[in-house]
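Structure first, commentary second.
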Amino acid sequence: MPRLSPAGELDAVALETALLEAWKSEDAFRTSIQRREHGAPFIFLEGPPTANGKPGIHHVVARTYKDLVCRWKTMEGFKVERKGGWDTHGLPVEIEVQKRLDLLSNESIEEFGMDKFNQACRESVWTYEAAWREMTERMAYWVDLDNPYVTLHNDYIESSWWALKQMFDKGLLYRGHKVLPYCPQTGTSYSSHEVALGYKEVKEPSVYVKFKLVGDSASILAWTTTPWTLPGNVGLAVGPEVTYVRCKVREAAGENWQGAGGADVGEELILAKDLMKDVLRHHVDIMEEFPGSSLVGKGYEPLFPEAIDAGDSDSAWTVLEADWVTTTDGTGVVHTAVMYGEDDYNLGMAAGLPAQHTVNMEGEFVAGTHPELDGRYVKSCDETIIALLSSSKGTNGTGPESGLLYREKDYLHDYPHCWRTDHPLLYYAMDSWFVRMTAVKEKLLEFNDNVEWAPDWVGEGRFGEWLRNVKDWAISRERYWGTPLPVWRSATGEMKCVGSIQELQNEVAKAVAAGIENPDCPDDVDLHRPVVDGFTLISDTGEIMHREPFVMDCWFDSGCAPFAQWHHPFDGGERFNASFPVDYICEGVDQTRGWFYTLLAVSATVFDSMAYKRCLSLGLILDAEGKKMSKSRGNIVDPWDHFNREGADATRWYMVTAGAPWNPLKFDSNGVRETYAKMFLTFWNVYKFHVDYAALDGFDPEETDSPIEHRPALDRWILSKLHTVAQDYHQEFVNWNYHKACRDLEEFVVNDVSNWYVRRSRRRLWDEADSDDKLACQHTLHEVLTLVCRLVAPIAPFMVDTVHRALTGESVHNADWPVGTPGSLEGATADAWDEAAAAATATLPPQDVHLEGVMTLVRELAEAGRRVRVDAGRRQRLPCAQGWLVAGPDLTPYHDLLCEELNVEAIRIEDDLDRFQRIELAPNFRALAPKARAEVNNVAKAIRESEHPNALLKDIEDGGAEVLGVLVERSDVDVKRVEREGFAAQTVEVELDGETVHVTLVLDMNDSPELQSKGMARDITRRIQAKRKDLNLEMEATVSLKIWLKEAPEIGEADRTWIAHETRATAIEFHVDSDGPEHAERFEVDGARVAFTVE
RNA sequence: GCGCGGGUGGCUUAGUCGGUUAGAGCACCCGGCUGAUAACCGGGAGGUCGCAGGUUCAAGUCCUGCCUCGCGCACCA
């Protein structure tokens, strides 16, 4: 190991960048894994980011949590491989490219050329790869970016195809006709998780429409918020159990009627009874009440007779029953347009309604709907439709005089919009491919139950809820850039799903043999459009088959990651079999319906298995104001701002300590700075203190020895405390409470190590002569620092590596976890933490709980001393002749320490407790309340305010005291000893060996010339030391001093010598009763005037 | 609308089984200490624990309702 050398000043950024170089040249990441070659595997799976967006601070958060768990597990002896990944397909890529190339529609893409377009997508995907790589490296996220999985690679796609074929063969992949949210602008339908991205609140006209019954004078009222669906109306749905009324308009509506529509006096309307008040704006007479079932089967006149051809349907334009009809809003009658609503479609299919489109794929009314509507974008037709309906006798000239519109009303609701283009989506019946998730719902729930979620409520609540409402997964997209759906289909519906390149080649060969012309299909055929579209296959019955012209939902790609990253099963399957299901994944909570779901969906359908055993779901990252970070708000924090200022260590440590991982993180730049100043600067200075002296003394931790049991209590204390802290730290890691772990460790470093251990040990190292004590201190510091480095390493990997290397000659990232390395043991698994194995491999110093308690008491007393002095107005440097300790354990080993801290000449133990202490009695409510019941407060008051607490306590101890009729026993009261008034004293309370002890510190306020002399000497010394520091003198440099005193206490010979020694003065002159020369430094203390010069 | 998670001094947060004086850090003020670091120590100011009810001898903590922020679901006709 290298000789310890001085640390120098801290430059965190320089330190980190230097380490990055070292890691690179040592191949440190790979080495750290190779060292665990024989460890039990801990399988991590990277959720692939897309590299066509710039990485932001929220990516740093996610990557920190991924990294820290992997580093931690590695230190525990597990073998943790970390393959990178890139998500490279999908709509975001296409939209980006469309914008850049000004291709606004699918037609323009096809005109431009699908091959050229996809080539542009393929390149666009890597736009920010370099930025991602730089960020990833700079923050020290150790992941293999040299061999990542990439969803656009043939190997990856081939595995995805294989998975689809598994689904196809199991009958889980099917072609359907379903109503889906559809965006005419992008020409594609969306799955539910994409739809969820785009809800927006909008105000739209909703209309109440009269449907005139055939052979009846009445009209049925129905309501819709989408007037554009009215031309497609072919049915009305009523609830069979719902009560409806037929009512007659009694008088004309009032003046305050708003908007179009109306009804004539005497007109008859039918609607749900419960909704009359909400809907009707006329006074009416109820003529009849009846259940919905009696309306079923009645025919009515179409609103737009030209729009739909009923064909051979005899249910078109009749009243149907549906049990899902409610009376929460509308009229209790649901307008049904088969092609534009999910319920509508299902009802229409069941009832045999004609399934015809009135709207085309561009979102325009088809020719023949109505002369005023044909060819127009449906969302801009609301006004026209309202006008048509409200004209006299309505659109068909046979309606009521008042028109077909009863009312219009603005309706405020959230409506799904395209998450890329912001246009409203249309629910639209279309051809699509689905994965039958509903068939595996029970499995999904069962697998999910076995996942360890952090926090647990995401799994049970949010994700569980999603699974309980699972719908079939619409996985096809009418797009260009993505994994092509590998299904070929003939005109008669014969289908073939291709599961590999080899299979494709065979099928192509078969087709060619049958005389169908085909392009070449080499081994490296590009598995993208338009190449795969070019292949024409032949069915088993000899029919021509074309590929279904869809690509896959890109979420399907990432859901295949567990096996597609290894090109399973084409690679032989070993890697996959050894690494599935994975042990750990971690992403933002927004992935609940995204990656968390698709991983499970794919593994459940393909492998009948869970996909991951543990999932850490991270909270969103917000700005310092609590607003979501977004490009449009311009409140995105650039990670480099902090990487280049406080460094990645401080940034990572801050993010982890700022709150629980799953809580939203308010990212505050000041917090990073604070973390740097507190944690890292302090740690560095402790390290510097150690190595600077170690270098001076030529300390060698391996050549020397200092048995812990022979070291002073202070050393044994900090080591014991470290043991306790390390175990708690580990336990919090296990519980996913990294924030608590790190807050406690930071507290330990700053408070226990720096502010107490190092401060108390400073003088021990100043001593130039070798001594057991100095050696003990050096070993202790060495051990504490080394161990803290290892605990910090997973979270903030830089500074501690520098320190660890300097102290031990080895990288901390090759070091073992101090709490144990059970992963390195034969037969270990990542699922169970082997307590015995951990204990056997732990490298913690001995623990002494009693000692920890005693030291807490000592520190409390030292602090109490300062309080006493402040209260008594006695300055800190003026010694007291003596201090008394009243009660508590024997602190004799700490008397020297306490004398220094308290600045007293001697510590005495006072045996007569009553001399300085009195008793206070406090009620113990938990015990007293059940007895005293309602009187408890009065009893408590009486106990607290007792005139003679000593006597009362004696009675209580002698068998109980009667207080306000309640027998108070010993367990009903807490006894507290506090200092008596009139003394310069403070009482501290400390838990020691399971009991509460009260110790009083009393300081002697009497003065003497000797004390005054000593106090003066200390004040002078402190000023000279400050001056030495001002002058930037070397620690060893000697000086000569001149001191002038006026109206000051006389300084004794011993104290004069002491000043000289402390300040390394080789010559010292004292002049009494003089103000000294002009140029001298001067100060005043308690009325004494002092001047001095330092040369 | 339904579900989940929050709301504690100016800011960030802790708060166990309900136990009577709500604890810390940052910032602020006063004092002290320092060959100790952007440090440290003592003291101070600053809190209707989101609001309103309720249960209880006792509520930041449990219950109900409401307000508010975030997230998710569904927005249906």
>> Name the residue that is nearest to RNA strand B (Cβ to nearest atom), counting only residues in the range A:401-425 that are buried (at least 22 other Cβ atoms within 10 Å of the Cβ) and among the aliphatic types (A, V, I, L, M).
In response: A:L425
> If the Cβ limit is 6 Å and pairs must be 6+ apart or interchain, which residue in the range A:961-984 that is touching a residue at least 24 places away in the same chain (Cβ under 8 Å) pairs with which residue that is open to solvent by 50 Å² or more (accessible area, probe 1.4 Å) and among the basic types (K, R)?
Replying inline: A:V966/A:K931; A:R980/A:R918
>> Of the conditions (1) outside any helix (DSSP H, G or I); (2) touching a residue at least 40 places away in the same chain (Cβ under 8 Å); (3) among the small types (G, A, S), A:S293 satisfies every one except a single condition; which number is it?
In response: (1)
>> Can you pull out every residue in the range A:234-264 that is in a strand (DSSP E or B) and either over 50 Å from the mean Cα position of the chain (by Cα) or on the phi > 0 side of the Ramachandran plot (or both)?
In response: A:T243, A:Y244, A:V245, A:R246, A:C247, A:K248, A:V249
>> Condition (residue is near RNA strand B (Cβ under 10 Å from one of its atoms), surrounded by fewer than 24 Cβ atoms within 10 Å (Cβ to Cβ), touching a residue at least 60 places away in the same chain (Cβ under 8 Å) and over 17 Å from the mean Cα position of the chain (by Cα)) applied to the range A:650-665: is it met by at least one residue?
In response: no
>> Against the condition touching a residue at least 12 places away in the same chain (Cβ under 8 Å), within 25 Å of the chain's Cα centre (by Cα) and within 16 Å of RNA strand B (Cβ to nearest atom), how does A:C777 come out, does it pass?
In response: no
> Looking at the range A:1027-1085, which of the residues that are of a type in the set (A, V, I, L, M, F, W, C), under 59 Å from the mean Cα position of the chain (by Cα) and open to solvent by 40 Å² or more (accessible area, probe 1.4 Å) is nearest to A:Q1012 (Cα to Cα)?
Replying inline: A:W1058
> Within the bounds of the range A:808-826, is there any residue that is out of contact with any Phe, Trp or Tyr (no Cβ under 6 Å at 6 or more places or on another chain), in a helix (DSSP H, G or I), within 16 Å of RNA strand B (Cβ to nearest atom) and closer than 27 Å to A:V734 by Cα?
Replying inline: no
> Does any residue of the range A:451-458 turn out to be part of a loop (DSSP other than H, G, I, E, B) and surrounded by 13 or more Cβ atoms within 10 Å (Cβ to Cβ)?
Replying inline: yes
> Filter the range A:917-938 for residues that are touching a Leu at 6+ places or on another chain (Cβ under 9 Å) and of a type outside the set (K, R); which is nearest to RNA strand B (Cβ to nearest atom)?
Replying inline: A:V936
> Does the range A:1066-1076 contain any residue that is touching a strand residue (DSSP E or B) at 6+ places or on another chain (Cβ under 9 Å), in contact (Cβ under 8 Å) with a residue 40 or more places away in the chain and either away from RNA strand B (no atom under 14 Å from the Cβ) or not in a strand (DSSP E or B) (or both)?
Replying inline: no
>> Can you go through A:V936, A:V966 and tell me which one is out of contact with any strand residue (DSSP E or B) (no Cβ under 8 Å at 6 or more places or on another chain), open to solvent by less than 30 Å² (accessible area, probe 1.4 Å) and over 30 Å from A:R1022 (Cβ atoms)?
In response: A:V966
> Restricting to helices (runs of 4 or more DSSP H) lying wholly in the range A:669-752: which have 1 or more residues that are open to solvent by 20 Å² or more (accessible area, probe 1.4 Å), out of contact with any strand residue (DSSP E or B) (no Cβ under 7 Å at 6 or more places or on another chain) and away from RNA strand B (no atom under 16 Å from the Cβ)?
Replying inline: A:713-734
>> Step by step: first the residues of the range A:898-914, then only those that are open to solvent by 30 Å² or more (accessible area, probe 1.4 Å) and touching a residue at least 40 places away in the same chain (Cβ under 8 Å), then the one that is farthest from RNA strand B (Cβ to nearest atom). Which residue is that?
In response: A:L913
> Does the range A:782-799 contain any residue that is open to solvent by 40 Å² or more (accessible area, probe 1.4 Å) and of a type in the set (K, R)?
Replying inline: yes
>> Any residue that is within 16 Å of RNA strand B (Cβ to nearest atom) and open to solvent by 60 Å² or more (accessible area, probe 1.4 Å) - is there at least one of those in the range A:306-318?
In response: no
> Conditions: (1) in contact (Cβ under 8 Å) with a residue 60 or more places away in the chain; (2) in a helix (DSSP H, G or I). A:H895 meets all but one. Number of the miss?
Replying inline: (1)
> For the range A:584-607, how many residues are at pLDDT below 95, assigned to a loop (DSSP other than H, G, I, E, B) and either more than 16 Å from RNA strand B (Cβ to nearest atom) or open to solvent by less than 40 Å² (accessible area, probe 1.4 Å) (or both)?
Replying inline: 2
> How many residues does the range A:990-1020 contain that are open to solvent by 10 Å² or more (accessible area, probe 1.4 Å) and either of a type outside the set (A, V, I, L, M, F, W, C) or near RNA strand B (Cβ under 8 Å from one of its atoms) (or both)?
Replying inline: 15
> Being of a type outside the set (S, T, Y), touching a strand residue (DSSP E or B) at 6+ places or on another chain (Cβ under 7 Å) and without any contact (Cβ under 8 Å) to a residue 60 or more places away in the chain, is that true of even one residue in the range A:831-839?
Replying inline: no
> Filter the range A:17-40 for residues that are of a type in the set (S, T, N, Q) and crowded, with 16+ Cβ neighbours inside 10 Å; which is nearest to A:R138 (Cα to Cα)?
Replying inline: A:T17
> From A:A387, A:A439, which residue is within 30 Å of A:K170 (Cα to Cα) and among the hydrophobic types (A, V, I, L, M, F, W, C)?
Replying inline: A:A439
> Just checking, how many residues over the range A:841-869 are closer than 20 Å to A:E905 by Cβ and of a type outside the set (D, E, K, R)?
Replying inline: 6
>> I need a count of the residues in the range A:865-876 that are within 8 Å of RNA strand B (Cβ to nearest atom) and surrounded by 17 or more Cβ atoms within 10 Å (Cβ to Cβ).
In response: 1
> Regarding A:G515, is this residue outside any helix (DSSP H, G or I) and farther than 30 Å from A:S105 by Cα?
Replying inline: yes
> What pairs can you find where one residue is in the range A:1023-1047 and more than 10 Å from A:T1063 (Cβ to Cβ), the other is open to solvent by less than 100 Å² (accessible area, probe 1.4 Å) and basic (K, R), and their Cβ atoms are less than 8 Å apart, with a gap of 6+ or different chains?
Replying inline: A:E1036/A:R1064; A:A1037/A:R1028; A:A1037/A:R1064; A:L1045/A:R1089; A:K1046/A:R1089; A:E1047/A:R1089
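The values are calculated or read from the model by the stated rules, or taken from the named source; none is laboratory data. On a predicted model such as this, the values are computed, not experimentally measured, just so you know. Because the Cβ atoms are built from the backbone with ideal geometry, glycine has one as well, and the counts that use them run over all protein chains shown. With ligands, DNA and RNA removed, areas are computed over all heavy atoms of the protein, side chains included. Shrake-Rupley method; radii C 1.70, N 1.55, O 1.52, S 1.80 Å.
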